[in-house]
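Following: one structure in structure tokens, then a few remarks.
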């Protein structure tokens with residue numbers, strides 16, 4: 001059994017990862033900005049701000065940490081958030097964790113990246129019929145903080161693999177997560193009366209159920225395989241298929257028209273979304289999960305369609 005430190009251990013995924021690893025008999029340290037309301041028995045909960053390098057190093061002190069699961073990031077920014085804060089957590093925080101791993105002689109680090117790291121580009125997956133594999137370039141999009149920051153984190157990890165090959169890495173590029181308790185900017189799109197789409201674009205989604213993400217993280221932390229893996233359920237769903245499953249209709253708008261509407265709306269303060277959102281709607285990354293299944297050895301229990309159906313039922317839609 002290993003001593004495992006989980007950053008973001010009180011968060012949405014972290015809570016389940018911490019509980020699962022502790023239940024498997026590992027010694028678990030959970031680091032987050034605050035201790036959870038319902039602490040996991042036997043787990044040492046540490047208050048750590050990943051933007052503070054000294055606090056991060058202190059979390060490792062005296063614990064003989066062997067494996068780090070780095071989940072701390074800002075996925076859905078709050079109203080008081082800023083690009084600087086998000087960068088400090090996502091990119092700076094990862095740098096501090098990796099530096100601490102090297103200083104403490106950690107054996108393995110598991111990092112939660114995202115399919116967003118590939119970016120939202122019209123030629124995504126062109127070599128594989130629209131499906132992105134782990135060999136495709138990680139390009140991000142500067143206009144989307146989360147996508148851009150995950151790109152920077154992945155570049156940092158690639159440099160570290162070259163300079164410090166002794167630190168084992170598992171990087172998980174996670175698709176759109178659904179679960180019984182999931183409510184975010186993406187699921188909000190599905191709760192509209194009509195689902196917005198770019199005319200001429202299938203706008204497919206790949207979904208992964210939250211317990212499948214947790215299962216993949218736990219295997220990555222405790223197994224022997226290293227590498228980069230897309231984490232998604234089998235298959236994808238287009239906006240039309242999602243709308244049909246919800247008993248709704250789509251609203252197809254030409255991209256130039258929508259871009260103009262969003263430009264005016266954002267300028268007048270009528271919407272939080274700017275014209276760059278048309279790229280997000282039209283060119284979402286579609287993740288191939290072959291390597292997840294055949295190399296890492298994790299088979300998602302739910303396909304994309306099954307994950308969506310389970311979410312729909314849970315929400316009573």
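Taken together, the values in this text are just the output of simple stated rules run on the coordinates, not laboratory data. Note that this is a predicted model, so its numbers are computed, not measured. Virtual Cβ from ideal backbone geometry, glycine too; neighbours counted across all protein chains shown.
Would you mind calculating the gained length between residue 240 and residue 317 on full extension (0.36 nm times residue separation, minus the Cα-Cα distance), in nm to one decimal?
26.1 nm
Please give the helix 93-104 orientation as an angle from the longest Cα principal axis of the chain, in degrees from 0 to 90, rounded to the nearest 10.
Result, in degrees: 20.
Of the DSSP beta bridges with both residues in the chain, give the percent that are antiparallel, rounding to the nearest 5.
In the chain, DSSP labels about 5 percent of beta bridges as antiparallel.
Just the ratio, please: alpha-carbon radius of gyration of the range 1-119 over 2.2 N^0.38 Å, N its number of residues.
1.01
Using 13 Å as the cut-off for backbone N distance, which residues of the range 19-35 belong to the label zone defined by a point 7 Å from the Cα of residue 3 along Cα→Cβ?
From the range 19-35, the list is 27-30.
Considering Cα pairs under 8 angstrom that are at least six residues apart, work out the relative contact order of the chain and quote it in whole percent.
17
Using a basic spin-label model with each label point 7 Å from the Cα along Cα→Cβ, how many nm lie between residue 194 and residue 76?
2.6
What list do you get for 218, 66, 294, 155 if you sort them by fewest beta carbons within 10 Å?
294, 155, 66, 218
At 222 nm, what helix-only mean residue ellipticity would the chain give, in deg cm²/dmol to the nearest 500, using -39500 (n - 2.57) for each DSSP H run of four or more?
Calculated at 222 nm, the ellipticity per residue is -10500 deg cm²/dmol.
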